[in-house]
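Asker: Below is one structure. I have some questions about it.
Computed from the coordinates by the stated procedures, all read-outs in this text should not be read as laboratory data. On a predicted model such as this, the values are computed, not experimentally measured, just so you know. FYI the Cβ positions are ideal-geometry reconstructions off the backbone, even for glycines, and counts take in every protein chain you see.
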Amino acid sequence: MEEASQLLKQPVQYLKGVGPKKAAAYEKLKVKTAGDLIRFYPRDYLDFSSPVPVAAAVPGENAIIKGTVYKKQPEQRIRKGMSLFKVFVTDGEQDMTVTIFNSKYLYDSLELNKTYYFYGKISGNLYRKEMASPAVLPGDEKNLIRPIYHQTEGLTSKTISKDVAGLFSLLGDDVYDPMPSEITREYGLCHLRFALQNIHFPHDRSALSAAKNRLIFEEFLTLQLGLLRLKSRNRKETSVRISPVDLTPFYSALPFSLTGAQQRAVREAVEDMGSPSPMNRLLQGDVGSGKTAVAAALSFVLSKNGFQTALMAPTEILAEQHFHTLSKMLSPCGVKVCLLTGGLTPRQKADLKELIAQGGYSVVVGTHALVQDSVSFHRLGLVITDEQHRFGVGQRSRLIQKGDNPHVLVMSATPIPRTLALMIYGDLDISVLDELPKGRKPVATYAIDSAKRQRAFGYIKKHLDEGRQGYIVCPLIDEADAGELNAAVAYARRLSREDFKGYRVGLLHGRMKSAEKEAVMAAFVKGDIQLLVSTTVIEVGADVPNAVIMLIENAERFGLSQLHQLRGRVGRGEYPSTCILVSDHRGEETRRRLKVMCQTNDGFVISEEDLKMRGPGDFFGSRQHGLPGLKIASMAEDMEVLRKTQALAKQIISADPELSSVQNRGLAGMVAELFSSADQNSFN
């Protein structure tokens, strides 16, 4: 066992047949050790185990044919550097022509009167079938399910498969299974050695299914255990004990009434903060559901208890937005709010940090500048992070460490299906804002193709002429990146000179300096810019009630949840608002996605659809920083296994919080390994 364990820790380059050059290619696939290689699971399989007769193969579709070679034509030179070979096969009932391009090796390997499996796309017609450039296996091959791996230059599936097979021959049967035997028995899981062998080289379909089931179960269970341990560690004592205060002065100063959902979230949080353990709560709400008002109410409660609140936002634009909103809500109650971002001068930063350390401000709003070592607080009682999926678990940890186990509120406007929320925010309790404030109207959404773009421009001008404002969103920044896509820089220039000549057109994108972005956003807020051409930098945070119309170019390039976030920038005021999705993409999935956007404004419905269509890997555009990625499990497809492992993880942690018992030591090792690769601060 020890020998196998040491072998799996070895750098991959020392495996037979790998070496430094191939190791560099493996590194691009995040494979550094022999253990990484054995856990580098195939992304798909070529299954030769179900051949069909030539007569049943459908032109235009892939098929597996088992046939005998009865004739080979000599090589044909079709142009310089290009050779063509034809081989004729029969299944005993009907013939098929196999065409091979530029591979004399494959042509020579096919022997007359020998039987082979051929896999490829069928062409021709019902009476004369053809297949070009097939994958081929000998007819007596026993291993008929072949792995297909993610590849990179210098590494084909065949090469990876050969290296994995070599590693298995070194390991033999000597593989330690960290899963307790009671769990494998109770849940009908195969041994880890069997699972790893059959995920790479399945003996048959049922062996592949057993291997997948074991590895999916293991991955979900490990992740759940890790998240629950984070949660239990966050349950240590806190000195920040909050007493309920009279919120009447705060509510009276607001120009609106809080919804029932907002009041419920405030009550839940205040109750949490009165307990001996720190609050760890996710405040999840759709675009415009009023999360900032809840954050303001809690900041008021903390201030009246003599504690400070820190609110961390992912961008300077969003931090500034929060600063203005919180100042408006809290200043009338005598609660002082400040803004700390990277855009301040060194002198301004130093002065501000000194005041924060002395307790001169009750609420400190900022970007990740808040986690710098030079920032200290007088009495930090509450940490609020906005759009948490854009931060690492480690950044949240570093901010929390600036207080004595302060309370934590995570806000997210990305609607997440509840199961996925439990997965990603497994170390948090959840409050949901499921009511929109009074007066918020749904945004009318239409999908058009580019032939109707000029009509859409006319519709935008009509709104601009009435004194309203609008957005045009592009997926890319400059033409060098663009291909056929509308690039924001060139597009904004063209619009201001042609279609929107005479209108005040602005441009906003992620590569601009912070000061430039802020200046553009400030001009848009004031109304100096009528039409803002932007990349997805406006996805969160831009709150301009006068903006009533948005056109999104190349809408097929965005996920449903991202389209919903973008659309949430309009419909924030008293005026009816419209979102126009432009796409010439004819794919079935694109049509489905855009149809969902036109049918509903409910972010939770949209998020469920997004999860079904794209899976969790792409759910946030980029993966949740600080949490391990899933290698084999899928929250969309493996929901039942996820539920089982969530329940099992709770049982295990409640009986053995530190996973220190003899039977759970293997699980503890798996958790430590999974989280060490994801975020160094997770278990510090």
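Asker: In debye, nearest 20: dipole of the chain around its Cα centre with unit charges on the Cβ of K, R (+) and D, E (-)?
Answerer: Numbers: 87 positive and 76 negative charges, 258 e Å.
I would put it at about 1240 debye.
Asker: Computed over the Cα atoms of segment 263-326, what is the convex hull's projected area averaged over all directions, in nm²?
Answerer: 4.8
Asker: A further question follows. Mind pulling the per residue volume of the convex hull built on the Cα atoms of segment 110-217? Å³ is fine.
Answerer: On the way: hull volume 18.5 nm³, N = 108.
Hull volume normalised by residue count: 171 Å³.
Asker: May I ask you to evaluate 6.51 cos²θ - 1.76 cosθ + 1.60, the Karplus curve with θ = phi - 60°, for each residue of segment 80-92 and list the ³J(HN,Hα) values in order in whole Hz, giving x for glycine and proline?
Answerer: Once rounded to whole Hz, the list reads 4, x, 10, 10, 10, 10, 10, 10, 10, 10, 9, 9, x.
Asker: Which net charge results when you count Lys and Arg as +1 and Asp and Glu as -1 among the other residues whose beta-carbon is under 14 Å from that of Arg591?
Answerer: Around Arg591, the surrounding residues sum to -2.
Asker: According to the Kirkwood expression over distinct Cα-Cα pairs, how big is the hydrodynamic radius of segment 63-115, in Å?
Answerer: For segment 63-115, inverting the mean 1/r across all distinct Cα pairs yields 11.6 Å.
Asker: Please compute the net charge surrounding Tyr45, taking Lys and Arg as +1 and Asp and Glu as -1 over other residues with Cβ under 15 Å from its Cβ.
Answerer: Details: positive: Arg43, Arg146, Lys158, Arg205, Lys212; negative: Asp44, Asp47, Glu141, Asp204.
Result for the neighbourhood of Tyr45: +1.
Asker: Give me the angle, in degrees from 0 to 90, between the Cα long axis of helix 260-273 and the longest principal axis of the Cα atoms of the chain, rounded to the nearest 10.
Answerer: Tilt of helix 260-273: around 90 degrees.
Asker: Identify, among Gly467, Leu215, Ala647, the residue whose Cα sits farthest towards the positive end of the charge dipole of the chain, taking +1 on the Cβ of Lys and Arg and -1 on the Cβ of Asp and Glu, with the dipole about the Cα centre.
Answerer: Gly467
Asker: Evaluate the relative contact order of segment 54-143 (contact order divided by residue number), counting alpha-carbon pairs under 8 angstrom at least 6 apart; express in whole percent. List each step's numbers first, then the result.
Answerer: Numbers: 197 pairs, mean separation 29.6, N = 90.
Relative contact order, segment 54-143: 33 percent.
Asker: What FRET efficiency, computed as 1/(1 + (r/R0)^6) with R0 = 35 Å and r the Cβ-Cβ distance, is obtained for Lys32 and Glu640, rounded to the nearest 0.05?
Answerer: 0.60
Asker: Can you give me the relative contact order of segment 8-120 as a percent, contacts being Cα pairs under 8 Å and 6 or more apart? Intermediate results must be reported in sequence, preceding the final value.
Answerer: Working: 165 pairs, mean separation 24.6, N = 113.
In percent, rounded to a whole number, it is 22.
Asker: Just to check, using Stokes-Einstein with a Kirkwood Rh over alpha carbon pairs, what's the diffusion coefficient of segment 54-143 at 4 °C and 1.567 mPa s in µm²/s?
Answerer: 98
Asker: Also, I was wondering about something else. Let me make sure I get this right: for segment 222-300, a, b and c are the square roots of the gyration tensor eigenvalues over alpha carbons, sorted descending. Under 1.5 in a/c it's rounded, otherwise prolate if a/b > b/c, else oblate. Which is it?
Answerer: oblate
Asker: Phe88: net charge of surrounding residues, Cβ under 10 Å, Lys/Arg +1, Asp/Glu -1, itself excluded?
Answerer: On the way: positive: Lys71, Lys72, Lys86; negative: Asp95.
Counting the neighbours of Phe88, the net charge comes to +2.
Asker: Compute the separation of the alpha-carbon centres of segment 232-289 and segment 88-140 and state it in Å as a whole number.
Answerer: With segment 232-289 and segment 88-140 each reduced to a Cα centre, they are spaced 68 Å.
Asker: What do the square roots of 5 times the Cα gyration tensor eigenvalues come to for segment 248-433, in whole Å, largest first, as semi-axes of the equivalent ellipsoid?
Answerer: Value: 23, 19, 16 Å, ordered largest first.
Asker: Could you work out the relative contact order of the chain? I mean the mean sequence separation of Cα pairs under 8 Å and 6+ apart, divided by the number of residues, in percent.
Answerer: Taking the mean separation of contacting Cα pairs over the length of the chain, I get 12 percent.
Asker: Also, quick follow-up: Cα axis of helix 316-330 to longest principal axis of the chain: angle in degrees, 0 to 90, nearest 10?
Answerer: Roughly 40 degrees between the two axes.
Asker: Check cross-link reach from Lys121 to the lysines: straight Cα distance under 18 Å, and skip same-chain residues fewer than eight apart.
Answerer: Lys66, Lys86, Lys129
Asker: Would you pull out the residues with amide H under 5 Å of Leu46's amide H, same chain only if 5 or more places away, H placed 1.01 Å from N?
Answerer: Distant-sequence amide H within range of Leu46: Arg146, Ile148.
Asker: Ok, one more. Could you list log10 I(q)/I(0) for segment 1-129 at q = 0.09, 0.11, 0.17 Å⁻¹, which the Debye formula gives when each Cα is one point scatterer?
Answerer: Evaluating at q = 0.09, 0.11, 0.17 Å⁻¹ gives log10 I(q)/I(0) of -0.47, -0.63, -0.89.
Asker: Any idea what angle helix 488-497 forms with the longest principal axis of the chain, computed on alpha-carbon atoms, 0 to 90 degrees, nearest 10?
Answerer: Approximately 60 degrees, to the nearest 10.
Asker: With viscosity set to 0.692 mPa s at 37 °C, what whole-number translational diffusion coefficient in µm²/s follows for the chain from Stokes-Einstein and a Kirkwood radius over Cα pairs?
Answerer: The calculation lands on 113 µm²/s.
Asker: Answer with one residue from His191, Val383, Gln530: the one whose Cα lies farthest towards the positive end of the charge dipole of the chain, charges on Cβ with Lys, Arg +1 and Asp, Glu -1.
Answerer: Gln530
Asker: Name the shape class, rounded, prolate or oblate, that the alpha-carbon gyration tensor gives for segment 513-579, where a ≥ b ≥ c are the square roots of its eigenvalues, rounded holds for a/c under 1.5, and otherwise prolate holds if a/b is larger than b/c and oblate otherwise. It would help to have the intermediate numbers written out before the result.
Answerer: Numbers: a/c = 1.96, a/b = 1.21, b/c = 1.62.
Oblate, because a/c is 1.5 or more while a/b does not exceed b/c.
Asker: Now a separate question. Restricting to DSSP H runs of at least four residues, report the calculated mean residue ellipticity at 222 nm for the chain, -39500 (n - 2.57) per run over all residues, nearest 500 deg cm²/dmol.
Answerer: Mean residue ellipticity at 222 nm (helix-derived): -11500 deg cm²/dmol.
Asker: Among Val87, Val383, which comes first, then next, by fewest other beta-carbon atoms within 10 Å?
Answerer: The order, fewest Cβ neighbours first, is Val87, Val383.
Asker: Would you please report the Å³ per residue occupied by the convex hull of the alpha carbon atoms in segment 561-603?
Answerer: Per residue, the Cα convex hull of segment 561-603 comes to 76 Å³.
Asker: Give a residue-ordered list of calculated ³J(HN,Hα) values for segment 508-524 (Karplus: 6.51 cos²θ - 1.76 cosθ + 1.60, θ = phi - 60°; whole Hz; x for Gly, Pro).
Answerer: 9, 8, x, 7, 5, 5, 3, 5, 5, 4, 5, 5, 5, 5, 5, 5, 5
Asker: Give me the three principal axis extents of segment 444-618 from the C-alpha atoms, as integers in angstrom, largest value leading.
Answerer: 42, 40, 34
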